[in-house]
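Some notes on the structure that comes next.
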Amino acid sequence: MDALVAAVTVFVLAVFIGFEIITKVPPTLHTPLMSGSNAISGITLIGAVISTRVDNPKLATILGVAAVAFAMINVVGGYLVTHRMLGMFKGKR
Amino acid sequence: MQQHFLIPDSWVNLAYVAAAILFIVGLKGLTHPRTAVRGNLQSALGMLLAVVVTLLADGLAYQWILLGALIGGLVGGIAAVRVRMTQMPEMVALFNGFGGGASVLVAGAAFMLTADPGARTTVSTGLSGLIGSVTFTGSLIAFGKLAEILPGGQIGLPGLKAFNALMGAAALACVGWLTVDPTATEAYWIIVAIAGVLGVTLTIPIGGADMPVVISLLNSYSGLAAAATGFVLMNNVLIIAGSLVGASGIILTRIMCKAMNRSLGHVLFGSLGPGADGPSADDVYGGKVKATSPDEVAMLFDTARRVLFVPGYGLAVAQAQHVVKNLAGILEGRGIVVEYGIHPVAGRMPGHMNVLLAEADVPYEQLKEMDEINQEIEQVDVCMVIGANDVVNPVARTDPRSPIAGMPIIDVDKARTVVVVKRSLSPGFAGIPNPLFAADNCLMLFGDGKKALMELVESLKNS
């Protein structure tokens with residue numbers, strides 16, 4: 001039970017940090033914010049990686065590989081397109 | 001699920017904390033265009049760190065991981081390089097869906113591997129499957145609507161609300177079933193199936209005008225699904241990253257709702273009120289609309305000192321961003337101050353119009369938010385409205401019975417002269433006439449946005 005309370009604490013605090021920071025993101029950058037957070041939600045990649053152990057049942061490995069593929073689309077695609085987009089925002093020269 | 005690493009567990013957990021900090025610092029970088037690129041790289045570094053450390057886990061099937069990573073990396077990489085900026089809403093919608101899908105699969109696999117799961121595991125697994133699956137199918141529908149594969153309008157089906165409520169209750173009942181009998185793995189997949197149907201039935205009735213709200217909300221769900229998976233695995237970095245994304249999506253959802261003056265409940269379950277009892281187009285426009293020509297507009301600029309462009313999505317559809325930038329360059333060459341007033345829902349997702357203009361090399365200092373520009377709009381000599389309609393309709397301020405009453409608008413009618421570039425007098429999404437077009441200080445430049453602006457550029461060059 002203690003572990004659950006600790007996890008809930010982390011969750012609640014992270015939501016608050018999220019609110020504090022994201023409200024300061026200007027509307028100009030809301031689209032890169034969304035694609036960038038797409039990339040961050042690809043963090044499930046690490047859950048996917050540890051589901052593919054050699055001694056696991058076949059089905060778990062199959063689910064894990066599919067999850068790795070999905071999450072990698074988010075990670076690679078999300079960071080790359082955000083980088084591409086942010087490169088377009090230039091100040092006055 | 002017990003996991004052993006080739007390095008001490010405490011190192012792994014410390015690396016995860018470092019990754020979480022990099023995500024937070026990275027998001028903080030996004031608070032200014034100057035620091036945004038660095039922020040994105042910091043966030044990516046955090047991801048790299050978390051993944052590399054995880055790869056040190058004992059007994060992984062590396063060949064399978066590599067296969068999945070190659071497929072996903074290739075698909076994501078190609079999509080990121082090739083996507084056009086006008087298609088960003090579609091891409092974000094799809095990526096939201098993949099995030100939700102990944103959570104469903106990871107939670108499913110983790111549940112299979114957990115010996116004797118307690119209530120904490122069963123409830124978080126069930127929620128992960130529920131939220132993840134709704135996100136997955138809901139995002140596919142949103143993608144279909146944005147890509148115009150599916151009909152974009154509002155679709156009303158009788159009894160849909162009752163059906164959705166029933167399905168939601170059934171899914172929650174299955175979460176209960178899983179908790180009472182953790183051996184019933186099939187219950188998890190039933191939850192996933194029900195939630196998949198629910199994602200479709202919740203998203204399909206929502207109209208195209210409300211898509212900015214929907215993809216923001218699905219963005220939030222994809223984060224919450226990842227956080228729920230974090231509770232299944234008891235992994236802090238998943239919980240933190242997931243809740244950051246969840247918070248971000250919720251904030252954007254709120255901003256979009258406010259910008260359209262709609263409550264979230266209205267977007268999800270209601271419909272736009274009928275605008276039938278308002279004044280007809282003939283009453284509003286009858287004999288009062290003044291058409292103008294590119295030459296006439298060019299002459300307006302002779303005495304102007306401050307020009308404001310107010311773009312709507314029609315501008316992007318006409319691919320006229322570059323012509324606008326061209327026009328702005330000529331005006332700036334004459335010493336005129338040029339700015340852009342951006343309504344929060346000018347594009348099809350939060351911040352979309354800003355990206356489209358940045359792509360056309362408009363410096364970000366010239367992109368002004370609605371509230372900021374409204375305070376100074378009386379000093380604008382010429383305001384060019386291009387492909388926007390409802391977001392500049394003064395009825396939102398003046399007529400409390402109008403369907404857009406109270407919606408925040410850019411007060412272009414308060415500028416000295418307004419030029420509206422538009423194909424015809426046809427109404428926008430709200431379906432109501434716009435008295436701005438008949439105002440004394442308003443001139444209509446009818447025609448295709450891009451063509452009309454190119455003619456205007458020609459006139460300016462010749463004068």
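The values are calculated or read from the model by the stated rules, or taken from the named source; none is laboratory data. What you see is a predicted model, and the numbers here were worked out from it, not measured in a lab. Backbone-built Cβ (ideal geometry, glycine too); neighbour counts: all protein chains shown.
If you check B:372, B:378, which single one turns out to be within 18 Å of residue B:343 (Cα to Cα) and either free of Cβ contacts under 8 Å to residues at least 12 places away in the same chain or hydroxyl-bearing (Ser, Thr, Tyr) (or both)? Step through it out loud before you land on a result.
Working: B:378 fails: either free of Cβ contacts under 8 Å to residues at least 12 places away in the same chain or hydroxyl-bearing (Ser, Thr, Tyr) (or both).
After applying the criteria, what remains is B:372.
State which residue is nearest to the other protein chains (Cβ to nearest Cβ) when the search covers only the stretch B:89-117 and only residues that are in contact (Cβ under 8 Å) with a residue 12 or more places away in the chain and assigned to a loop (DSSP other than H, G, I, E, B).
Among them, the one singled out is B:114.
Can you tell me which residue among B:412, B:392 is of a type in the set (Val, Ile, Thr), in the same structural domain as residue B:329 (by TED's automatic domain parsing), surrounded by 21 or more Cβ atoms within 10 Å (Cβ to Cβ) and in contact with a Cys (Cβ under 7 Å, 6 or more places away or on another chain)? So that I can check it myself, show each step before the final result.
Numbers: B:392 fails: in contact with a Cys (Cβ under 7 Å, 6 or more places away or on another chain).
Selected residue: B:412, the only one of B:412, B:392 that is of a type in the set (Val, Ile, Thr), in the same structural domain as residue B:329 (by TED's automatic domain parsing), surrounded by 21 or more Cβ atoms within 10 Å (Cβ to Cβ) and in contact with a Cys (Cβ under 7 Å, 6 or more places away or on another chain).
Pairs, please: C-beta under 6 Å, at least 6 apart or cross-chain, first residue within 13 Å of residue B:395 (Cα to Cα) and in the stretch B:427-447, second of a type in the set (Phe, Trp, Tyr) and not in a loop (DSSP other than H, G, I, E, B)?
B:438/B:285
Quick check on my filter: what residues within the stretch B:176-200 are free of Cβ contacts under 8 Å to residues at least 40 places away in the same chain and in a loop (DSSP other than H, G, I, E, B)?
Scanning the stretch B:176-200 gives B:181, B:183, B:184.
How many residues does the stretch B:5-45 hold that are among the polar types (S, T, N, Q) and modelled with pLDDT under 95?
Pass one, the stretch B:5-45, residues among the polar types (S, T, N, Q): B:10, B:13, B:31, B:35, B:40, B:42-43.
With modelled with pLDDT under 95 added as a condition, the list becomes B:10, B:13.
Looking only at that region, the number is 2.
Residue B:246: surrounded by fewer than 22 Cβ atoms within 10 Å (Cβ to Cβ) and in a helix (DSSP H, G or I), yes or no? Talk me through it step by step, then tell me what you get.
On the way: surrounded by fewer than 22 Cβ atoms within 10 Å (Cβ to Cβ): no; in a helix (DSSP H, G or I): yes.
No: the conditions fail for residue B:246.
Among the residues of the stretch A:5-33, which ones are surrounded by 15 or more Cβ atoms within 10 Å (Cβ to Cβ) and within 22 Å of residue B:106 (Cβ to Cβ)?
Matches in the stretch A:5-33: A:7, A:10, A:11, A:14, A:15, A:18.
Which numbered condition in (1) of a type in the set (D, E, K, R); (2) over 16 Å from residue B:300 (Cβ atoms); (3) touching a Pro at 6+ places or on another chain (Cβ under 7 Å) is the only one that residue B:455 fails?
Residue B:455 satisfies all of (1) of a type in the set (D, E, K, R); (2) over 16 Å from residue B:300 (Cβ atoms); (3) touching a Pro at 6+ places or on another chain (Cβ under 7 Å) except (2).
Counting only residues that are under 26 Å from residue B:453 (Cα atoms) and modelled with pLDDT under 90, how many does the stretch B:282-311 have? I'd like the intermediate steps shown before the answer.
Pass one, the stretch B:282-311, residues under 26 Å from residue B:453 (Cα atoms): B:285, B:287-311.
If we keep only those that are modelled with pLDDT under 90 too, we end up with B:285, B:287-288.
Count: 3.
Of (1) closer than 22 Å to residue B:200 by Cα; (2) surrounded by fewer than 18 Cβ atoms within 10 Å (Cβ to Cβ), residue B:130 satisfies all except one. Which?
Of everything listed in (1) closer than 22 Å to residue B:200 by Cα; (2) surrounded by fewer than 18 Cβ atoms within 10 Å (Cβ to Cβ), residue B:130 misses just condition (2).
So that you can scan it fast, the table gives a plain yes or no per residue for (1) of a type outside the set (A, V, I, L, M, F, W, C); (2) without any contact (Cβ under 8 Å) to a residue 12 or more places away in the chain; (3) more than 7 Å from chain B (Cβ to nearest Cβ):
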site	(1), (2), (3)
A:3	no, yes, no
A:6	no, yes, yes
A:16	no, yes, yes
A:45	no, no, no
A:53	yes, yes, no
A:56	yes, yes, no
A:69	no, yes, no
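Output the residues belonging to the stretch B:7-60 that are part of a loop (DSSP other than H, G, I, E, B), surrounded by fewer than 19 Cβ atoms within 10 Å (Cβ to Cβ) and among the aliphatic types (A, V, I, L, M). Spell out the reasoning first.
Residues of the stretch B:7-60 that are part of a loop (DSSP other than H, G, I, E, B), as a first pass: B:7-8, B:30-32, B:55-56, B:58-59.
When the remaining residues are screened for being surrounded by fewer than 19 Cβ atoms within 10 Å (Cβ to Cβ), the result is B:7-8, B:31-32, B:55-56, B:58-59.
Scanning the stretch B:7-60 gives B:7, B:55, B:56.
Of the residues B:262, B:254, only one is assigned to a loop (DSSP other than H, G, I, E, B) and under 18 Å from residue B:346 (Cα atoms); which? Before the answer, list the steps.
On the way: B:254 fails: assigned to a loop (DSSP other than H, G, I, E, B).
Testing whether each residue is assigned to a loop (DSSP other than H, G, I, E, B) and under 18 Å from residue B:346 (Cα atoms) leaves just B:262.
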